[in-house]
Amino acid sequence: MVFTSPAFVFAFLPLLLLLYYALHPRLRNPCLLVFSYAFYAWWRVDFVLLLMASTLVDYVAGRAIYATDRRVLKKIWLTVSIVFNLGLLGYFKYFNFGIESLNTTLTAMGASNVAWTNVVLPVGISFITFQTMSYSIDVYRGRVEPERNVVAFGTYVSMFPQLVAGPIVRYREVRDALRDRVLNADKFSKGVLIFLVGFNKKVLLANNFGLAADEAFNHGPGGVLGAWLGLLAYTFQIYFDFSGYSDMAVGLGRMLGFEFPRNFDGPYRSASITEFWRRWHITLSNWIRDYLYISLGGNRGTVAKTYRNLAVAMLLCGLWHGANWTFIAWGAFHGGLLILERLNDRQPYYSKLPKVARVLCTWLLVMIGWAIFRSPDIGSFGEFFVTLFDVRNMGLAHDAYWLVQPSFWIITLVAFAIVFRGTDSFELAERRNLFVTLTQVLLFVLAIGELLSQGFNPFLYFQF
């Protein structure tokens, strides 16, 4: 089930809200827990057992860490939590990749391949494991006390708005709300508006850009113009897809009485790659900084060690996104750019250019990174990259249907306006301008109609 499906909009969400608001406050966590399990079971019922196991292991580990004064025992229980979570992530997300890479090497050496059964990836496994690990680590560091109520903790782990695609919510950010949250018309109405903005971005923009991007990447761009338009389409698709989902998650959280953290802050307006990573997927960037980069030593050691830590953090950031060499290359690409900026006193080498030019340079670098990210393999990226600058062939593919449609150019103009000049959903919710609200409602009706007629509704970050 996805937020932009008729089943969610017309059945799951209304039923949940009716029960949730009708129940006594003490019964709201159990209600939300049951609905969250049902939401996750929509994909595969058996994977709910993984969710329950992760909840139980980290609940017990957190209580055990807090209960003992012996540092050795604290470390043992922390290790149990980390090994369990990384074990789940490693097996389900990287086992196929590891065996395929091994077989490629064996084939090159003339040896027999290893036979294996393909492992099915549980949706949202990366978000779930990172979220639960942050809880155990924070308890170990003394930043939070463990949750005593197992139902409340289970609600935190499995809360359906952010369960499968973030934002990554830390326990301390929702601890108080898990115990006593405020439900009122003001918070609910803000949540509805944020949800509508995210829904409309996802359906009306991301989905249509996705059709255009798929033409360029799956069937070949044809020439320079086709390559750049396809890359532009994907650049907008991944932003509106993920930021739209994050908006919907935040909006649903507010309807249920929770305040989830902001996950995007105008990232394409960044004037450097360093600034971009402060604005893009903020909860993941902060997680990597607090639990990986700083744990490796951060910038407390020598300059060389700082660059090493930064490179490792970004390589693992790339690998977190998926089991493919392109994701690792994308992480290395961004890690290299961040290191270059640190070498230049945390400024890009084009820092003396006017602000508009700096933003444009950063955006082009980010787009090149998205070409790596979107390509199915390194070889395909190489071919696509060459096409971007092949002046001998400046045109489009003969069957580039979506790239020549008037609708594509209309949504492109709208996307540019939103990305570079628009107001984000948080600010819109605070203002709650009547015209803006009515516009979002009308766009929502249009989006529902498009969903029912189109059928193309992928969520990019579900695979991560």
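The values are calculated or read from the model by the stated rules, or taken from the named source; none is laboratory data. Nothing here was measured: the structure is a model prediction, and the numbers come from that model. In this analysis, Cβ positions are derived from the backbone assuming ideal geometry, glycine residues included, and neighbour counts consider all displayed protein chains.
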Quiz item: Can you find a residue in the range 273-292 that is crowded, with 17+ Cβ neighbours inside 10 Å and among the basic types (K, R)?
Solution: yes
Flagged in the range 374-391 as assigned to a helix (DSSP H, G or I) and aromatic (F, W, Y), in numbering order, are F381, F384, F385
If we keep only residues of the range 67-95 that are surrounded by fewer than 18 Cβ atoms within 10 Å (Cβ to Cβ) and of a type in the set (G, A, S), then the residue nearest to the chain's Cα centre (by Cα) is G90
Per the filter on the range 296-341, residues among the polar types (S, T, N, Q) and more than 14 Å from I372 (Cα to Cα) are N299, T302, T306, N309
Of (1) buried (at least 16 other Cβ atoms within 10 Å of the Cβ); (2) within 16 Å of W277 (Cα to Cα); (3) of a type in the set (K, R), R346 satisfies every one except (1)
Given (1) at pLDDT 95 or above; (2) over 29 Å from F35 (Cβ atoms), G226 misses just (1)
The number of residues in the range 304-322 that are among the small types (G, A, S) and surrounded by 20 or more Cβ atoms within 10 Å (Cβ to Cβ) is 2
Taking first residues from the range 89-109 that are outside the structural domain of I378 (by TED's automatic domain parsing) and second residues anywhere that are hydroxyl-bearing (S, T, Y), the pairs with Cβ under 8 Å that are 6 or more apart or on different chains are L89/S126; L89/T129; K93/S126; L106/S112
The residue from L51, L33, L17 that alone is surrounded by fewer than 17 Cβ atoms within 10 Å (Cβ to Cβ) and either outside the structural domain of V203 (by TED's automatic domain parsing) or touching a Pro at 6+ places or on another chain (Cβ under 6 Å) (or both) is L17
The correct count of residues that are surrounded by 13 or more Cβ atoms within 10 Å (Cβ to Cβ) and closer than 25 Å to S36 by Cα in the range 136-148 is 8
Scanning the range 415-427 residue by residue, those modelled with pLDDT of 85 or more, surrounded by 15 or more Cβ atoms within 10 Å (Cβ to Cβ) and over 14 Å from L229 (Cα atoms) turn out to be I418, V419
| query | Condition test on S5, is it under 25 Å from the mean Cα position of the chain (by Cα) and either surrounded by fewer than 14 Cβ atoms within 10 Å (Cβ to Cβ) or of a type in the set (G, A, S) (or both)? | reply | yes
Among helices (runs of 4 or more DSSP H) completely within the range 63-173, the ones holding 1 or more residues that are of a type in the set (V, I, T) are 71-108, 125-140, 150-158
The condition of being under 17 Å from G220 (Cβ atoms), part of a helix (DSSP H, G or I) and among the aliphatic types (A, V, I, L, M) holds, among A415, A357, A371, only for A371
For the range 355-381, pairs from a residue that is touching a residue at least 60 places away in the same chain (Cβ under 8 Å) and of a type in the set (V, I, T) to a residue that is outside any helix (DSSP H, G or I) and surrounded by fewer than 20 Cβ atoms within 10 Å (Cβ to Cβ), with Cβ under 9 Å and 6 or more apart or across chains, are T362/Y350
Only one of S134, S158 is of a type outside the set (V, I, T) and under 22 Å from R44 (Cα atoms), namely S158
Quick count over the range 150-169, residues being surrounded by fewer than 24 Cβ atoms within 10 Å (Cβ to Cβ) and either outside the structural domain of S36 (by TED's automatic domain parsing) or free of Cβ contacts under 8 Å to residues at least 40 places away in the same chain (or both), is 0
- Query: If you go through the range 264-281 one residue at a time, do you hit one that is in contact (Cβ under 8 Å) with a residue 12 or more places away in the chain, farther than 29 Å from L443 by Cα and more than 20 Å from the chain's Cα centre (by Cα)?
  - Reply: yes
Flagged pairs (Cβ under 9 angstrom, 6 or more apart or on separate chains; first in the range 209-220, over 13 Å from L232 (Cβ atoms) and of a type in the set (D, E); second crowded, with 18+ Cβ neighbours inside 10 Å and at pLDDT below 85) are D214/W402
